[in-house]
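Shown next, in structure tokens, is the structure this report addresses.
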């Protein structure tokens, strides 16, 4: 089976520089959905994950923690990820997630704002508050987890705003 909890949510169990990998390829198809949800929650914060394609969920999460920052590569298929008010109220995580879209497309929503995620784009999500991530097909992202207090001082009001690789205009 996969390894133990990763990410800032489970960062206390991940030694500096150690790599943690969890993949649905490690479990039988009947267990894939629950395993994938657990892998995502362990890497980040408690969320609800729902596949939006008829095929069984598949995915891979690779995580490393360096100097208080989490770096997580996520590869998966069509799904919706909800950080609900109820889950937010339960706590778990105090990071800003810099979602850098590598392949595929998705959308992120937080605080009434929505942004498109296309390859090369980046959005910031405050993990303490409710948010939604939606992917309509296969995708990969690099997620950099930064303690919220490091970002809040420099970028207030930055959640769910697109940061694209293209110049303005």
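The values are calculated or read from the model by the stated rules, or taken from the named source; none is laboratory data. Remember, predicted model here, so these are calculated numbers, not experimental data. Ideal geometry is used to build each Cβ from the backbone, glycine not excepted, and the neighbour counts take in all protein chains shown.
A quick yes/no check of all residues on (1) closer than 18 Å to residue 149 by Cβ; (2) in a strand (DSSP E or B); (3) modelled with pLDDT of 95 or more:
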residue: 60; (1), (2), (3): no, yes, yes
residue: 65; (1), (2), (3): yes, yes, no
residue: 73; (1), (2), (3): no, yes, yes
residue: 81; (1), (2), (3): no, yes, yes
residue: 88; (1), (2), (3): yes, no, no
residue: 102; (1), (2), (3): no, yes, yes
residue: 109; (1), (2), (3): no, yes, yes
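Only residues that are assigned to a loop (DSSP other than H, G, I, E, B) and either under 11 Å from the mean Cα position of the chain (by Cα) or surrounded by 15 or more Cβ atoms within 10 Å (Cβ to Cβ) (or both): list them for segment 40-58, please. Spell out the reasoning first.
First, the residues of segment 40-58 that are assigned to a loop (DSSP other than H, G, I, E, B): 44-47, 52-58.
Residues satisfying the conditions are 44, 45, 46, 47, 56, 57, 58.
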